[in-house]
Amino acid sequence: MKIYIAYTGGTIGMVPSDNGLVPDEAFAEQLAQQLGASNEITHDFVIQRYEHLIDSSNATPKDWQTIAIDIQSKWQAFDAFIVLHGTDTMAYTAAALSFMFAHSDKPIIVTGSQVPMYKVRSDAMINVMGAISACEASVYEKAVNGVFLFFAGRLIEGDRAHKAHTSDWQAFNSPHQPERGVLGIDWRWRDADLTHQRMTIQIPEMEESAVTILPVFPGVQAEHWQGLLNENVKGAVLLSYGAGNAPDKNTALLALLNAATSRDVVIVNVSQCGAGRVAAGAYAAGSALVQAGVISGEDMTYEAAFVKLHFLIGLGLSAEEIKAIF
């Protein structure tokens with residue numbers, strides 16, 4: 001099996017500097033040596049270090065596009081793909097790749113680590129080896145095809161992953177859908193519909209200012225959101241309370257949302273709770289959002305909703321077409 005590993009940056013390959021941890025340009029070579037030293041691994045690996053390594057806190061939608069174009073350019077030459085990425089925005093990148101490589105007929109696994117590989121007590125190689133094992137399951141067992149995030153033994157659908165912990169080995173969860181697989185001594189797979197669907201690759205031009213996030217909090221005012229809903233914005237994720245609620249007595253706030261949706265800004269309502277779905281209109285406070293033209297994101301993570309808006313806007317779809325897809 002030929003596996004392409006893209007080292008984009010992140011904690012996994014960082015080393016100390018005077019200003020804290022920074023990406024190490026020599027990491028790709030060190031990883032190649034570790035993989036080559038094992039007699040149990042017989043795959044052909046190509047590990048490529050990106051010219052401009054990314055601390056994922058600095059990642060932008062343009063970086064999703066860069067990674068996707070890289071994978072697409074190597075599609076015919078490899079059986080599987082692993083993307084090494086920083087944890088801060090890993091869920092966003094995994095979601096982006098899942099939309100760009102819809103129904104992928106090859107595994108694309110995004111992973112990284114909580115602790116750099118240079119440290120003795122690190123989760124780096126555990127996660128790399130788990131990602132490789134997921135690739136093997138796809139090729140040899142036909143168990144996994146598609147885009148996934150692998151971390152601490154959990155294989156999560158790319159558009160279902162959410163970063164849930166800053167300091168635990170298990171940094172990611174899948175709040176609304178069981179993991180596709182759990183890796184212990186052996187894999188334990190969730191039953192899934194493996195009906196073949198035609199793969200499509202679409203890598204749109206990303207507009208970095210196209211989508212924003214609107215937080216709901218006690219005392220939120222129209223002035224707080226005014227700058228966020230500027231003339232460049234075409235989509236927004238509204239982080240609501242509970243099952244999709246926001247202040248329904250603040251007429252200025254609702255008028256601002258109404259004005260935005262009237263000029264074809266697509267606003268998607270996603271709960272700021274850790275789990276559960278938006279039930280649009282279940283409460284009066286949520287009905288006011290529906291009347292203002294806000295649509296439900298149902299059980300999407302805010303990462304996936306943010307990325308999906310970027311993706312659909314990048315495809316050039318109209319506001320009505322985007323709303324119909326959501």
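The values are calculated or read from the model by the stated rules, or taken from the named source; none is laboratory data. What you see is a predicted model; the values in this text were computed from it and never measured. All Cβ positions, even for glycine, are placed from backbone atoms using ideal geometry, and neighbour counts span all protein chains on display. The accessibility values were calculated without ligands, DNA or RNA, using every heavy atom of the protein model including side chains. Shrake-Rupley method; radii C 1.70, N 1.55, O 1.52, S 1.80 Å.
With a ≥ b ≥ c the root eigenvalues of the C-alpha gyration tensor of the chain, is it rounded (a/c under 1.5), prolate (a/b larger than b/c) or oblate? Note, shape of the chain comes out prolate.
Taking a point 7 Å from the Cα of M125 along the Cα-to-Cβ direction, the residues of the range 1-37 with backbone N closer than 14 Å to it are 30-37.
In this structure, W75 and R263 have a Cβ-Cβ separation that, at R0 = 41 Å, corresponds to a calculated FRET efficiency of about 0.60. The residues of the chain present an accessible area of 45 Å² per residue when probed at 1.4 Å with all protein chains retained. Loop-located chymotrypsin sites (Phe, Trp or Tyr not before Pro) in the range 153-249 (DSSP state not H, G, I, E or B) with no more than 14 neighbouring Cβ atoms inside 10 Å: W169.
Once you order the gyration tensor axes a ≥ b ≥ c over the Cα atoms, which shape class does the range 25-172 get: rounded for a/c under 1.5, otherwise prolate or oblate by comparing a/b with b/c? Write out the running numbers ahead of the final one.
Values: a/c = 1.20, a/b = 1.01, b/c = 1.19.
Here the range 25-172 falls in the rounded category.
Rounded to the nearest 10 degrees, the angle from helix 27-36 to the longest Cα principal axis of the chain is 50 degrees. Among rounded, prolate and oblate, which fits the range 1-64 when a ≥ b ≥ c are the square roots of the eigenvalues of its C-alpha gyration tensor, a/c under 1.5 means rounded, and a/b larger than b/c means prolate? Oblate is the answer for the range 1-64, as a/c is 1.5 or above yet b/c matches or exceeds a/b. Treating each Cα of the range 91-187 as an identical point scatterer and summing with the Debye formula, the log10 of I(q)/I(0) at q = 0.14 Å⁻¹ comes to -0.47. The label point for E223 and the one for L315, both projected 7 Å from the Cα toward the Cβ, are 4.0 nm apart.
Would you kindly state how much longer the chain becomes between E205 and A37 on full extension, computed as 0.36 nm times their sequence separation minus their alpha carbon distance, in nm to one decimal?
Values: separation 168, 0.36 × 168 = 60.48 nm, distance 4.04 nm.
Between E205 and A37, full extension yields an extra 56.4 nm.
By the rule of a C-alpha distance below 29 Å, with chain neighbours fewer than 8 residues away ignored, the lysines paired with K163 are K62, K74, K106, K119, K142, K234, K308, K323.
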